[in-house]
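The values are calculated or read from the model by the stated rules, or taken from the named source; none is laboratory data. Remember, it's a predicted structure, so these values are computed and weren't measured experimentally. With ideal geometry, Cβ positions are generated from the backbone for all residues, glycine too; neighbour counts draw on all protein chains shown.
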Amino acid sequence: MNSEASPWRHVYRWDLDKTYLDTHFEKFSRMVRIAFESAEEKRNIPGSAALLRELSADGGEDVGAARVCILSGSPRQMRSVLEKKLRSDGIVWHEFELKPQWENIRRGRFKAIRDQVGYKLPLLLSSRAAMSGDVRETLFGDDAEADTFIYCLYADIVAGRVDAPTLVRLLRSMSAYPDAIETCLDAMAQLDPFEAVERIFIHLDRGTPPAWFAPFGDLVVPVFNYFQAALVLFTEGHLDAQGVLRVTRAFREADERDTMELANLFQDIQRRGHMTAGAMQRLAAAVREQRSATLEGEVVTVCEDRFVALGPAATRSSLGSTSVRDWDELVDHQRRRPHG
């Protein structure tokens, strides 16, 4: 890997279906209908477009800009529609990978049609191998398939905690094709160990209980919506107070949650240890300083009141901790994943 300092401030990797776009295609009829939707017909997960706009606001080619990489299981035939949708949302991106489903069918690779590990992991590692070694990443996925497993395995490979024989064994156990394994190994050989992955956000599209993600460690933040993600991203310095307010406004407009419901969502993310004790107070102080009299400012004030009522003892901080993952156990855990 190139050992020079990275020109990128941070890398944000996003899935699309059920992470950014509200797409449900468990039934074949729904899958066909989605394939023929126009860009205007596609719906966002509430708050997703606002959040990605905030994160990619400086997404040019200048030194210190954010890099946005989109990796989706949608078929390549949907590229023009999806690109039009992203452009209409005001999103700037730098990588955009879609699944070669027609090629999989033509080559008789029918397992690959649904396989995500053998599709996403080689692309993630190849993308990382092409970058400088000192840039950190935040990843966004959902609980519909294997995003948590893939992202955590990617994080451990890049950090040097998974060696080549272990990776081959794991991928074979997940029925990955030999060429996918070979691509992973080639990319892995180009990596210098680095703690690149800072956080993994998993949108709970299927309502998987957050406790199910515990074996993957504290790197993973399950969120019921992007209001919760915005609070954590403020804690970690990726959003400022105005960014949180803009995401909150977009979420409220799309999801029609009232102030008390949003305060409950704040309380949930705080109790699970994903927001440090002082972060809510810093956010509230910044909003007061800006003299925001908006409904979003009211939400922050009510959340601060809820925080004070609960007391700092209610917060179990998981930020900054490192967990050692047992990958043989996680393969079994992933296979027992609850289905919504």
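Checking the conditions here, which among Glu236, Glu296 is in contact (Cβ under 8 Å) with a residue 60 or more places away in the chain, acidic (Asp, Glu) and either out of contact with any strand residue (DSSP E or B) (no Cβ under 6 Å at 6 or more places or on another chain) or more than 19 Å from Leu51 (Cβ to Cβ) (or both)?
Glu236
Under 6 Å by Cβ, and 6 or more places apart or on different chains, what pairs join a residue from region 70-86 that is farther than 11 Å from Leu21 by Cβ with one that is in a helix (DSSP H, G or I) and at pLDDT 90 or above?
Leu71/Lys120; Leu71/Leu123
If I ask for residues that are exposed (fewer than 12 other Cβ atoms within 10 Å of the Cβ), at negative phi and either modelled with pLDDT under 60 or not hydrophobic (A, V, I, L, M, F, W, C) (or both), which ones from region 313-327 would you list?
Ala313, Arg316, Ser321, Thr322, Asp326
Take region 135-154 and flag every residue that is closer than 19 Å to Gly237 by Cβ and buried (at least 24 other Cβ atoms within 10 Å of the Cβ).
Glu137, Leu139, Phe140
Considering only region 168-216, state which residues are touching a helix residue (DSSP H, G or I) at 6+ places or on another chain (Cβ under 7 Å), closer than 30 Å to Gly237 by Cβ and of a type outside the set (A, V, I, L, M).
Gln190, Phe194, Phe201, Phe213, Pro215, Phe216 - these are the residues of region 168-216 that are touching a helix residue (DSSP H, G or I) at 6+ places or on another chain (Cβ under 7 Å), closer than 30 Å to Gly237 by Cβ and of a type outside the set (A, V, I, L, M).
Report, by residue number, each residue of region 266-306 that is closer than 20 Å to Ala254 by Cα and among the hydroxyl-bearing types (Ser, Thr, Tyr).
The one that is closer than 20 Å to Ala254 by Cα and among the hydroxyl-bearing types (Ser, Thr, Tyr): Thr294.
So which residues in region 219-263 are hydroxyl-bearing (Ser, Thr, Tyr) and more than 27 Å from Ala144 (Cβ to Cβ)?
Thr259
So Arg252 passes all but one of these: (1) charged (D, E, K, R); (2) modelled with pLDDT under 90; (3) assigned to a helix (DSSP H, G or I). Which condition number does it fail?
(2)
Any residue at all in region 226-237 that's surrounded by fewer than 16 Cβ atoms within 10 Å (Cβ to Cβ) and at pLDDT 90 or above?
Yes, because at least one residue in region 226-237 is surrounded by fewer than 16 Cβ atoms within 10 Å (Cβ to Cβ) and at pLDDT 90 or above.
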